[in-house]
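Asker: Have a look at the structure that comes next, please.
The values are calculated or read from the model by the stated rules, or taken from the named source; none is laboratory data. Being a predicted model, the structure only gives us computed values, none of them experimental. Positions of Cβ are backbone-derived with ideal geometry, glycine not excepted, and every protein chain shown enters the neighbour counts. Note: accessible area is taken over every heavy atom of the protein model, side chains too, but ligands, DNA and RNA are not part of it. Shrake-Rupley method; radii C 1.70, N 1.55, O 1.52, S 1.80 Å.
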Amino acid sequence: MNHALGLLETTGLTPALVALDAMAKTAEVRVLQAEVNDLLGVCIKILGDVAAVQAAIAAGQAAADGMGGRPVVDVIPRPEGAAWAAIASPPEFNPLIQQDVVFFPVYESMPQRANDKEQAVEKSASYALGLIETQGFTAVFEAIDSACKAANVEVVGKEKLGGGYVTVIIRGDVAAVKAAVEAGKTKVDGLGKLIAAHVIPRPSDAVLGLLPKA
């Protein structure tokens with residue numbers, strides 16, 4: 001098989017996850033890892049057949065561009081073996097933001113962290129993820145409190161990119177997540193800057209495998 005490496009780098013975590021969802025739903029590709037850069041952004045690395053990677057990257061670029069993520073993309077056919085020492089990053093912890101900055105897909109752990117009922121919900125047509133990304137902690141804390149008061153949703157996790165960028169991810173029924181995100185984003189004004197607010201219906205396994213843990 002003619003293997004290739006696909007790279008999609010965005011400003012903001014939300015455009016990156018939305019792009020990843022689009023990529024995974026477009027073609028048969030595998031996530032290698034996601035890596036936070038020092039420019040408020042995330043680089044998603046995918047692997048697969050050249051044609052599949054090209055199709056996936058095109059779909060991801062369109063999705064991220066539509067969200068103002070200013071995506072930078074590239075497809076590298078048959079990456080040179082020696083280059084992998086730099087391309088595939090080892091686990092790394094950033095003491096400045098107190099969290100990991102290289103994320104690996106954890107598909108196999110999904111059943112362990114969710115009971116049968118929760119797994120069934122994640123696979124249902126009504127399941128969705130909601131993302132609220134701001135610049136500033138005060139803004140995102142007010143937003144997530146308002147979101148949780150507006151609808152029956154669960155906080156999945158919180159992620160920092162540096163530069164004050166913070167994303168909180170919630171999950172639940174599509175209607176509830178939409179209501180929660182709408183309520184949350186209206187509370188940001190005056191407290192910080194809203195970077196993105198988005199709902200991902202029926203998120204792909206690729207996205208679920210990279211979710212931060214609360």
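Asker: Give region 50-74 a look and list any residue that's within 21 Å of Ala206 (Cα to Cα) and open to solvent by 40 Å² or more (accessible area, probe 1.4 Å), or say none. It would help to see each step written out before you state the result.
Answerer: Of region 50-74, the ones within 21 Å of Ala206 (Cα to Cα) are 50-67, 69, 71-74.
Ala51, Gln54, Ala55, Ala58, Gln61, Ala62, Asp65, Gly66, Met67, Val72, Val73, Asp74 - these are the residues of region 50-74 that are within 21 Å of Ala206 (Cα to Cα) and open to solvent by 40 Å² or more (accessible area, probe 1.4 Å).
Asker: While we're here: How many of the residues making up region 129-161 are open to solvent by less than 30 Å² (accessible area, probe 1.4 Å), under 14 Å from Thr14 (Cα atoms) and of a type outside the set (Val, Ile, Thr)?
Answerer: 7
Asker: Test of understanding: among Asp205, Asp145, which residue is touching a residue at least 60 places away in the same chain (Cβ under 8 Å) and acidic (Asp, Glu)? Steps first, please.
Answerer: On the way: Asp145 fails: touching a residue at least 60 places away in the same chain (Cβ under 8 Å).
Testing whether each residue is touching a residue at least 60 places away in the same chain (Cβ under 8 Å) and acidic (Asp, Glu) leaves just Asp205.
Asker: Let me confirm something: among Val181, Val199, Val168, which residue is free of Cβ contacts under 8 Å to residues at least 60 places away in the same chain, part of a strand (DSSP E or B) and in contact with a helix residue (DSSP H, G or I) (Cβ under 8 Å, 6 or more places away or on another chain)? Give the steps one after another, and end with the answer.
Answerer: Values: Val181 fails: part of a strand (DSSP E or B); Val199 fails: free of Cβ contacts under 8 Å to residues at least 60 places away in the same chain.
Result of the check over Val181, Val199, Val168: Val168.
Asker: A follow-up question, please. Do the conditions hold for Glu133, that is, is it under 15 Å from Ala16 (Cα atoms), at pLDDT below 95, touching a Ser or Thr at 6+ places or on another chain (Cβ under 8 Å) and in a strand (DSSP E or B)?
Answerer: Numbers: under 15 Å from Ala16 (Cα atoms): yes; at pLDDT below 95: no; touching a Ser or Thr at 6+ places or on another chain (Cβ under 8 Å): yes; in a strand (DSSP E or B): yes.
Criteria not met by Glu133.
Asker: Right, something else. So, of the residues in region 186-214 that are of a type in the set (Lys, Arg) and farther than 16 Å from Leu13 by Cα, which turns out to be surrounded by the fewest Cβ atoms within 10 Å (Cβ to Cβ)? Reasoning before the result, please.
Answerer: Narrowing region 186-214 to residues of a type in the set (Lys, Arg): 187, 193, 202, 213.
Retained after the next criterion (residues that are farther than 16 Å from Leu13 by Cα): 187, 202.
On the way: Lys187: 22, Arg202: 15.
Only one residue tops the list, namely Arg202.
Asker: Something else: For Val101, only one of the following conditions fails: (1) more than 26 Å from Val29 (Cβ to Cβ); (2) at pLDDT below 95. What is its number?
Answerer: Of everything listed in (1) more than 26 Å from Val29 (Cβ to Cβ); (2) at pLDDT below 95, Val101 misses just condition (1).
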